[in-house]
Amino acid sequence: MLYTRIDGPLGAMLLVGRAGGDGRVALRSLSLEGQKGGAEVEEGWVRADAAFEEIAGQLGAYFAGERDGFDIPYDETYGTEFQRRVWRALEEIPYGTTVSYGEIAGRVGASGAGVRAVGTAIGRNPLLVVRPCHRVIGADGSLRGYAAGLPRKRALLELESDGGA
């Protein structure tokens, strides 16, 4: 497993991934410092700052308001099938918009009590920022749940509402 640490407007970020056959890193995790359930460097991982330059550049452009999406391969060899369906639904939320947990539940075919399972899956999203779980809000429009804290969620939504890319 490869990793790097980069600084950003939300604090230090830990990026973890695997080298792909095309020379690009397949991102497995993007954690923010102090994040609930965030990744931590494990024994045997190799620091490879240069391998993450493309991803770091895309993140920098996003935070500068110059980019509204990411072209990053993901390492999706983890999570349950249900979690992966929820995570794919997150990727379809357009930049600068929000949807409710109930809307995501509808998109993945989880009704009623399934909204709670959707919330749990979203909370386990290992790719903060690039897989935009920050765009999911309560049905009443309130900010709810974000592994890196509601102030960071608010900051991301404000960044995107300012026009950005």
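The values are calculated or read from the model by the stated rules, or taken from the named source; none is laboratory data. Because the structure is a prediction, the values reported are computed rather than measured. Counting neighbours? That spans all protein chains shown, and the Cβs are built from the backbone with ideal geometry, glycine included. Accessible surface areas use protein heavy atoms only, side chains included; no ligands, DNA or RNA. Shrake-Rupley method; radii C 1.70, N 1.55, O 1.52, S 1.80 Å.
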| said: Once you order the gyration tensor axes a ≥ b ≥ c over the Cα atoms, which shape class does the stretch 73-125 get: rounded for a/c under 1.5, otherwise prolate or oblate by comparing a/b with b/c? | reply: oblate
| request: Take every Cα pair under 8 Å in the chain that's 6+ residues apart, average their separations, divide by the length, and report that relative contact order as a whole percent. | output: 24 percent
| Using θ = phi - 60° and the Karplus curve 6.51 cos²θ - 1.76 cosθ + 1.60, what whole-Hz ³J(HN,Hα) does each residue of the stretch 90-99 get, with Gly and Pro shown as x? | 4, 5, 8, 6, x, 3, x, 10, 10, 9
| Å² per residue, accessible surface of the stretch 1-111 at 1.4 Å | 51 Å²
| Which entry in (1) 25, 19, 14; (2) 33, 16, 14; (3) 44, 16, 12 is this structure's computed semi-axes √(5λ) of the Cα gyration tensor in Å? | (1)
| task | For the chain, give the percent of accessible area contributed by carbon and sulfur heavy atoms, probe 1.4 Å, rounded to a whole number. | result | 47 percent
| query | Accessible area of R154, 1.4 Å probe, to the nearest 10 Å²? | reply | 110 Å²
| note | Contact order relative to length for the stretch 1-80, counting C-alpha pairs under 8 Å separated by 6 or more residues, stands in percent at 31 percent
| Which residue fluctuates the most in the chain, going by a Gaussian network model with Cα springs under 10 Å, if the choices are L143, L27, L90? | L143
| field | A117 paired with R88, simple spin-label distance in nm, labels 7 Å along Cα-to-beta-carbon | value | 1.6 nm
| task | Starting from the Cα of D140, step 7 Å along the direction of its Cβ; do the same at A64; then give the gap between the two resulting points in nm. | result | 4.1 nm
| query | Which part of the stretch 56-78 falls in the paramagnetic zone of D7, meaning amide N under 19 Å from the point 7 Å along Cα-to-beta-carbon? | reply | 56-65
| Roughly how many whole Å is it from the C-alpha centroid of the stretch 38-61 to that of the stretch 91-141? | 26 Å
| remark: By the C-alpha gyration tensor axes a ≥ b ≥ c (rounded if a/c is under 1.5, else prolate when a/b exceeds b/c, else oblate), the shape of the stretch 2-64 is oblate
| note | Amide H neighbours of G20 at under 5 Å, excluding residues fewer than 5 places away on the same chain, with H built from the backbone geometry, are V25, A26
| field | Extension gain, E81 back to E158 (0.36 nm per residue minus Cα-Cα distance, nm) | value | 24.6 nm
| Computed accessible area, E103, all protein chains, 1.4 angstrom probe, square angstrom | 90 Å²
| query | Please state the relative contact order of the stretch 81-163 as a whole percent: Cα pairs under 8 Å, 6+ residues apart? | reply | 34 percent
| remark: Sorting V99, V46 on solvent-accessible surface, 1.4 Å probe, most exposed first, gives V46, V99
| task | Quickly estimate the mean residue ellipticity at 222 nm for the chain, helices only: each DSSP H run with n ≥ 4 gives -39500 (n - 2.57), and the total goes over all residues, rounded to 500. | result | -9000 deg cm²/dmol
